[in-house]
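**Q** Got a structure here, written out as structure tokens. Questions coming.
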Amino acid sequence: MTAGELIYEGKAKKVFHSDVPHVVIVEFKDDATAFNGEKKGQITNKGAVNAVMSAKIFQVLESEGIATHFREQLDTRRLSVDWLEMIPLEVVVRNRVAGSLEKRIGLKEGSVLEQAVTELYLKNDSLGDPLLNDDHIRVLRVVDSALLEQMRKQSSRINTILQHFFEQRNLILVDFKLEFGLRQGQLVLGDEISPDTSRLWDRTTLKKMDKDRFRRDLGSVEEAYNEVLERVLS
Ligand code: UDP
């Protein structure tokens, strides 16, 4: 498969046309940003870790009946995926308190949530990706209520599958972010699942093994990403 023209370049990925209709090529970069792009840096080999890990997770999810955009891993940092009409929402699912939830509800980082908490954020850089409630989503007409319900259900199923998957690899899935799109009108999981878009802690030591090491200058960022990939592939 040959990469064509660049369609889009984001903070962590480039998307190219391919020579197959409705298929695009995603290239994962080593560039890292945090706090709405205020903090910038590079994490060596991050692009490869995130590409290979996402490919593996998408395959796991597909085997459990979840539709994803994944088609093929082309090389260490490029995947071919189905082109989706993306829904401009980020779905965050949380099993423990961390990050913005700690600030929002005041529980201590690491507190186990009695039930998973799902949040929806509008993808809008100039507004700083605000948290939305169902009424906001309704008046904005981002998605209709049936599709919203489907996104919530699918996210919850993905959480159950991934919690189990990571637990078997001695990792706690603290929280993660999903993005969905439509393929011929059907809801399909897109984007990536990686230590950039999830919080993963070692079950034994509670060591942070994700982008928080970069956000909070905790050191050993590359080592943590490589260790997560090794466990994911084990
Ligand atoms: N997340 C993400 N992209 C975003 C915002 C959040 O991938 O634009 C992920 C983040 O890595 C974490 C989860 O979503 O796994 C919840 O993030 P949170 O709301 O706590 O915000 P953060 O502390 O990451 O700013």
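**Q** Which lysines, on any chain, are close to residue 14 with Cα under 21 Å apart, when same-chain ones fewer than 8 places away are left out?
**A** Within reach: 29, 39, 40, 46, 56, 123, 177, 211.
**Q** Next up: Output the Kirkwood hydrodynamic radius of the range 95-234, Cα pairs only, in Å rounded to one decimal. Write out the running numbers ahead of the final one.
**A** Numbers: mean 1/r = 0.0607 Å⁻¹.
Evaluated on the range 95-234, it is 16.5 Å.
**Q** Output the Kirkwood hydrodynamic radius of the range 33-107, Cα pairs only, in Å rounded to one decimal.
**A** Working: mean 1/r = 0.0653 Å⁻¹.
Here the Kirkwood hydrodynamic radius works out to 15.3 Å.
**Q** Given a cut-off of 24 Å, what percent of all Cα-Cα pairs of the range 58-156 lie beyond it? Numbers along the way, then the final one.
**A** On the way: 1888 of 4851 pairs.
Value for the range 58-156 (Cα pairs over 24 Å): 39 percent.
**Q** Follow-up. On the accessible surface of the chain, probed at 1.4 Å, how many percent belong to carbon and sulfur atoms? Before the final figure, lay out each step's value.
**A** Details: 5540 of 11810 Å².
The nonpolar share, carbon plus sulfur, comes to 47 percent.
**Q** Further question: Apply the Debye scattering formula to the range 1-70, with a single equal point scatterer on each alpha-carbon and no solvent, then give log10 I(q)/I(0) at q = 0.11, 0.14, 0.17 Å⁻¹.
**A** -0.34, -0.55, -0.77
**Q** Another question, if that's okay. What does the highest-first list of 114-127, 190-203 look like by mean Cβ count within 10 Å? Don't skip to the end; give the middle numbers.
**A** Working: 114-127: 12.9, 190-203: 22.6.
Ranked from most to least packed, the peptides come out as 190-203, 114-127.
**Q** Using a probe radius of 1.4 Å on heavy atoms only, what accessible surface per residue do you get for the range 173-234? Whole Å² is fine. Show your work: numbers first, answer last.
**A** Numbers: 2480 Å² over 62 residues.
On a per-residue basis, 40 Å².
**Q** Would you mind working out the accessible area per residue for the range 121-169, using a 1.4 Å probe, and quoting it in Å²?
**A** Working: 3110 Å² over 49 residues.
Value returned for the range 121-169: 63 Å² of accessible area per residue.
**Q** Counting pairs of Cα atoms in the range 1-125, how many percent are more than 25 Å apart? Intermediate results must be reported in sequence, preceding the final value.
**A** Numbers: 2946 of 7750 pairs.
Summing the P(r) of the range 1-125 above 25 Å gives 38 percent of all pairs.
**Q** State the dimensionless ratio Rg/Rh of the chain (Rg: radius of gyration of Cα atoms; Rh: Kirkwood radius).
**A** 0.94
**Q** What does the charge add up to near residue 81, with Lys and Arg as +1, Asp and Glu as -1, over the other residues with Cβ less than 15 Å from its Cβ? Working shown, then result.
**A** Values: positive: 13, 14, 56, 71, 77, 78, 183; negative: 19, 27, 62, 72, 75, 82, 85, 179, 191, 192.
With Lys, Arg at +1 and Asp, Glu at -1, the net is -3.
**Q** Can you give me the accessible area per residue for the range 1-119, using a 1.4 Å probe, in Å²?
**A** 52
**Q** Count the net charge of all other residues whose Cβ sits under 11 Å from the Cβ of residue 173, scoring Lys and Arg as +1 and Asp and Glu as -1.
**A** On the way: positive: 94, 96, 169, 199, 203; negative: 167, 175, 210.
Its environment carries a net charge of +2.
**Q** Using the Kyte-Doolittle scale, which helices in the chain average at least -1.0 and also have C-alpha atoms spread 30 Å or more along the helix axis, with helices defined as whole DSSP H runs? It would help to have the intermediate numbers written out before the result.
**A** Numbers: long enough: 145-167 (33 Å, -0.46).
Those that clear 30 Å and a mean of -1.0 are 145-167.
The values are calculated or read from the model by the stated rules, or taken from the named source; none is laboratory data. The shown structure was predicted, so the numbers you read here are calculated from the model rather than taken from an experiment. FYI the Cβ positions are ideal-geometry reconstructions off the backbone, even for glycines, and counts take in every protein chain you see. Heavy atoms of the whole protein, side chains included, go into the accessibility calculation; ligands, DNA and RNA do not. Shrake-Rupley method; radii C 1.70, N 1.55, O 1.52, S 1.80 Å.
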